[in-house]
Amino acid sequence: MPLLPHHDGSALYVSNDSPELDELIRVRVRIPVGFGPVTRVHARSNPNHEPRFNEAERIARVDGWEWWEAEVLVENPEHGYRFMITTDQGIRWLNATGLHTAEPLDAEDFLVVTHAPAPSWAPSQVMYEIFPDRFARSAAADDHPTPKWAVPAAWTDPVVDRGPHTPLQFYGGDLDGIVERLDHLERLGITLLYLTPFFPGASNHRYNATSFWEVDPLLGGDDALIRLVEAAHARGIRVIGDLTSNHSGSEHEWFQTALSDENSVERDFYYWLGEDDEGDPDYVAWLGEKSLPKFNWNSTELRRRFIQGPDSVVAKWLLPPFNLDGWRIDVANMTGRYLEQDLNAVVRRTIRQTMIEVNPDTILIAESTNDASGDFRGDAWHGAMTYASFTRPVWGWLSQPVATPWYFGLPTETMPTYSGVEVHDAYVRFTAGMPWRVRAATMNALDTHDTARFATLAREAAVPVAAGLSMTLPGIPVVFAGDELGLTGMDGEDSRTPMPWATIDEHDETMTLYRELIALRNAHPALSSGGLRWLVVDDEALVFIREAAGESVLVVATRSSLQMELEPNAVAGIGSAKRLFGDTVIEPSGKIQATGPSFSAYLLPGVRIAA
């Protein structure tokens with residue numbers, strides 16, 4: 001693809017990505033010399049919905065690029081800007097979706113925000129997701145009584161992924177079992193552990209909580225969580241929990257009080273619809289599932305108990321003795337939204353304000369299964385657990401186009417097929433509305449406890465390509481427990497396979513792959529904090545570079561064997577590129593030769609701005 005003007009929100013291009021209101025920041029744009037004579041460059045903002053133009057100064061010409069810099073006064077909490085580039089061929093506009101000849105929408109502008117940022121450690125994490133019932137059983141697990149709701153299963157029994165017993169199948173994994181397996185996480189290179197809910201609930205998934213004030217005794221109780229967090233922290237691994245802000249379980253203590261007493265304060269915690277056909281109280285529930293009654297966030301008492309202040313549920317688990325490092329919020333996209341009501345912003349900002357008050361060095365990630373840009377503007381959620389920008393496009397590019405009853409909830413009978421061009425297009429469109437720092441804390445998940453396993457339908461030799469993209473694109477890479485063993489599953493329930501500890505040595509090849517890719521990510525800061533510039537976008541190949549002042553990492557991902565050539569001056573120092581991973585051949589001329597589905601990474605010098 002031709003070299004084009006470039007800007008992103010990384011430190012090379014923005015002097016401060018967390019400014020105060022009324023602060024002057026400097027923004028830079030990088031224009032290839034071959035783009036044509038550039039006469040003027042302006043940074044165009046839209047404060048208070050009134051356009052403002054700040055003329056840029058050319059500050060350097062180096063390695064075939066001109067660098068232009070302008071000052072921008074940050075006048076709104078969410079301040080958008082773009083570049084107007086004047087050439088002898090006319091005006092070109094550069095915004096978060098790319099280069100345009102016609103004036104683009106304000107919604108597509110680059111975005112800098114004044115809201116409190118995520119912890120500084122967030123972009124450098126490698127996340128490991130654990131579904132506690134299926135990870136590991138400690139010796140103490142045998143002493144936990146089987147709950148009345150459960151259908152007991154031996155650890156080697158197959159998962160029942162469809163039927164009435166699916167949410168009741170009980171393997172009995174517990175938190176002390178995770179403690180005993182922390183060596184496994186440490187050897188992989190994991191730095192952030194994400195636990196799906198640990199609250200008591202009448203199911204194996206525990207998203208139908210009966211209380212938010214205690215750890216399920218089946219998992220070992222409160223003391224087991226304390227032991228786990230302390231042991232993880234001792235190894236340099238942070239731990240976040242999973243909290244459902246959209247609903248509780250129908251057996252939850254608040255809901256049971258609301259059912260039994262119409263005059264209770266808890267009655268206002270939920271939405272009521274009169275009586276059902278049998279004369280029982282009817283209520284709003286998540287997607288109509290009556291075991292999951294929906295919260296009504298108009299209730300100030302619900303806010304006080306659940307999300308607001310140091311005595312709330314949100315605060316309790318971040319404080320000693322539990323000391324969690326943050327939360328993943330379940331069904332965040334639907335939270336606070338019902339008919340004409342939309343309290344989502346109120347809820348998310350209240351949660352984050354509470355976290356800032358009790359421990360500002362904590363992360364807040366939220367589920368939003370489709371287009372997340374509208375809610376992820378940096379005001380509260382630090383990053384998204386979403387599938388539109390990364391997961392679905394990568395699956396479409398690297399999976400077999402076979403008949404399958406499952407594809408991320410879409411009513412399709414066959415796996416959709418993406419070209420590399422379409423992967424790039426989806427990635428750009430679905431991330432353009434987010435501030436750069438939100439992109440840096442968004443989860444790059446190939447699969448999760450809610451999806452099929454990527455390896456199930458992957459093309460031959462495609463797992464290294466997909467996992468490599470997860471580790472090298474902006475965001476937090478995610479390993480769902482068992483991915484590193486090559487486990488498979490045809491849907492979200494089927495993928496919740498108990499970890500096969502007894503045969504773990506049989507998975508050494510996949511384990512080695514994940515260890516090496518995670519080591520690549522952990523060893524190179526450019527993969528966490530560097531910018532992103534696309535170099536080749538082709539049906540069969542995606543080539544990009546993560547750039548920073550100290551180093552750059554060139555990434556080549558292909559679906560088939562092919563040859564391609566980088567544009568002259570696309571990257572500096574290509575002749576001294578050092579292979580970090582993979583077997584793609586890069587010649588000093590910029591010619592790239594790749595064999596089969598392949599993933600490779602090369603180390604290059606950092607970016608010079610001043611000659």
Quiz item: Can you find even one residue in segment 30-42 that is assigned to a loop (DSSP other than H, G, I, E, B), surrounded by fewer than 19 Cβ atoms within 10 Å (Cβ to Cβ) and touching an Asp or Glu at 6+ places or on another chain (Cβ under 7 Å)?
Solution: yes
By residue number, the members of segment 319-342 that are of a type outside the set (A, V, I, L, M, F, W, C), exposed (fewer than 15 other Cβ atoms within 10 Å of the Cβ) and free of Cβ contacts under 8 Å to residues at least 40 places away in the same chain are Pro320, Glu340, Asp342
Residues in segment 536-569 that are part of a loop (DSSP other than H, G, I, E, B) and modelled with pLDDT of 95 or more total 9
Condition set part of a helix (DSSP H, G or I), of a type in the set (A, V, I, L, M, F, W, C) and out of contact with any helix residue (DSSP H, G or I) (no Cβ under 7 Å at 6 or more places or on another chain), scope segment 508-535, selection nearest to His6 (Cα to Cα): answer is Ala526
Among the residues of segment 463-479, the number that are surrounded by 24 or more Cβ atoms within 10 Å (Cβ to Cβ) and more than 22 Å from Val438 (Cβ to Cβ) is 4
Of Asp142, Asp176, the only residue that is charged (D, E, K, R), part of a helix (DSSP H, G or I) and crowded, with 16+ Cβ neighbours inside 10 Å is Asp176
Matching residues in segment 456-513 (of a type in the set (D, E, K, R), within 22 Å of the chain's Cα centre (by Cα) and more than 22 Å from Arg162 (Cβ to Cβ)) number 2
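The values are calculated or read from the model by the stated rules, or taken from the named source; none is laboratory data. Keep in mind that this is a model prediction, so the values were computed, not measured. Quick reminder, even Gly has a Cβ in these numbers, built from the backbone with ideal geometry, and neighbours come from all protein chains shown.
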